[in-house]
1. What's the FRET efficiency of T4 with R57 using the Cβ-Cβ distance as r and R₀ = 22 Å, to the nearest 0.05?
2. Just for the chain, what percent of DSSP beta bridges are antiparallel, to the closest 5?
3. With point charges of +1 on the Cβ of Lys and Arg and -1 on the Cβ of Asp and Glu, referenced to the Cα centre of the chain, which listed residue (V353, P7, L267) lies farthest in the positive direction of the dipole?
4. Distance in nm between label sites at I439 and A208, each 7 Å beyond Cα in the beta-carbon direction?
5. FRET efficiency for Q167 and E269, Cβ-Cβ distance as r, R0 = 56 Å, nearest 0.05?
6. Over what distance in Å are the Cα centres of region 286-327 and region 49-114 separated?
7. Counting other beta carbons within 10 Å of each Cβ, put V232, V105 in order, fewest first.
8. Charges at C-beta only: +1 for Lys and Arg, -1 for Asp and Glu. How large is the resulting dipole of region 1-46 about its Cα centre, in Debye rounded to 20?
Amino acid sequence: MTLTYTPLADIPKIVQSLRGAFNAGITKSLEYRKQQLRGMYNMLAENDAAIRDAVFRDLHKPPAELMIGESGMVKQECIDAIKNLEKWAANRSVKTGLVNKFDNVHIRKDPLGMVLIIGAWNYPLNLLLAPAVGAIAAGNTVVLKPSEVAPNTAELLTKLLPAYLDQRAYRIVNGAADETTLLLEHKFDHIFYTGSGSVGRIIMGAAAKQLTPVTLELGGKSPAFVSRDVDVAITARRLAFGKFFNCGQTCIAPDYLIVERGIEDKLVEAFKASIQEFYGSSAQSSQSYGRIVNKNHFNRLKTLLDQTKGQVVVGGEHQEDDLYIAPTLVLNVTKEDKLMEGEIFGPILPIMVVDKLVEGVKYVNQNDQPLALYVFSKNKRAIDYILDHTRSGGVVVNDALIHFIVSNLPFGGTGPSGIGNYHGKRSFDVFSHERSTLIKSMGMEKMNYVRYPPYTEKKTRWLDWFLFDKASFSGNNGPNGSNPNARVSSPALPESSKKPQEAKASLPKPTEAPVAAV
């Protein structure tokens, strides 16, 4: 279908109206926010059939995958936010020193203002609405920009949203590069983007001109380590689920395997059995298998398959008219293979065989930090070694993909795989400002004289005693036996004002953890 884009002339008006709504305090009250979150939940619950149809037309996504990875997750986010909003939004007291002991010192959770959320096509419902739950709960007004690559879902949301959410505070803008570029010319208080690293750089560059903070949920080549001690059948089944869910079009899908030599043939056979179990004799005929989103991505994936130097041992079949690419495994892929150059984002799984997993650790560390990292092993030392010597946005041991649906786990990348994280309370925090607040008593002014000029040596000693803790750190860490971390003590106070002697604190000496044999 052809998505109707928002007229360019309307975009400045939409932005200005949402800014005005925030300044008018429309979104401030917690009850208003809960009402909008209930509206979001009801929109999903009452239009399940229409949502299924729209997402199916965009991605051929099975209802179970829609529920697991999209609508079910967003509804759960709404429920969690409604249940916990008072606690999340409550002022948080902080400990103070003696000088502010009788004052009201706390952290407020204020909304940021007007925010922009740019969704992605591979999970067109979740990746737009899940962050919006946090933005609404935090009290912001929101511009939602769905992906034009999933036009059926975008068109449906454009129709449904005004019936369930307050249009004074929450608006959808549809479009492609021109519309997004115009949006980015306006000042937002936060921009949340999910998508590719190349577009992420453009978003960040535009935000920098306005000094707007960003959350970038990007991607990368997420590796999966497989040691020779695993249960091969279980490992293959869980990896096949993680890789071929949504036809491999998942930012945290296992992008390639690093397999210890000796089990690769058994693993391939176990994958064949798992694919047969999941999709029957023909994945193309299965109602449980998706499709590539469009011909551009289909041709990109087909080119990767044509150029690989590895051995296609499972799948490889494809049909352009149906945007179908079979679940595919490519064995004996080398580091120089085309499949190893960028994120695959499709149902093609390269297998790199290594003598020891430590070789795989070195390879992973030569590249950008991935959004996810998976380890399949029964050896705790091997697992700990891999986790201690790699970096990634998230980690799952002995499974794949499922950490995304755990709402209490912050989800996000590191380095080129993303900036910031969200889900659950973390989504609320992303769109909130922690406003430091100190409400000073007008009484006890005599105690304040010590901080007013003119300054004297006696006042300085008293200020040091009032304001700062005292500690003495043992150790012989600095040059010539000096400790660079030791604090220079202040001159002694008069006898009447001395505090009781404090116990000396000592820091544990650093020790080297044993390196596991991997």
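1. Numbers: r = 16 Å, r/R0 = 0.73.
After rounding to 0.05, the efficiency reads 0.85.
2. Around 35 percent antiparallel, to the nearest 5.
3. Final value for the positive-end residue is P7.
4. The modelled label-to-label distance comes out at 4.2 nm.
5. Taking R0 as 56 Å, the efficiency between Q167 and E269 is 0.50.
6. Answer, in whole Å: 37.
7. V105, V232
8. Computed charge dipole of region 1-46: roughly 220 debye.
Read-outs: derived from the displayed coordinates by stated rules, not from any lab. On a predicted model such as this, the values are computed, not experimentally measured, just so you know. In this analysis, Cβ positions are derived from the backbone assuming ideal geometry, glycine residues included, and neighbour counts consider all displayed protein chains.
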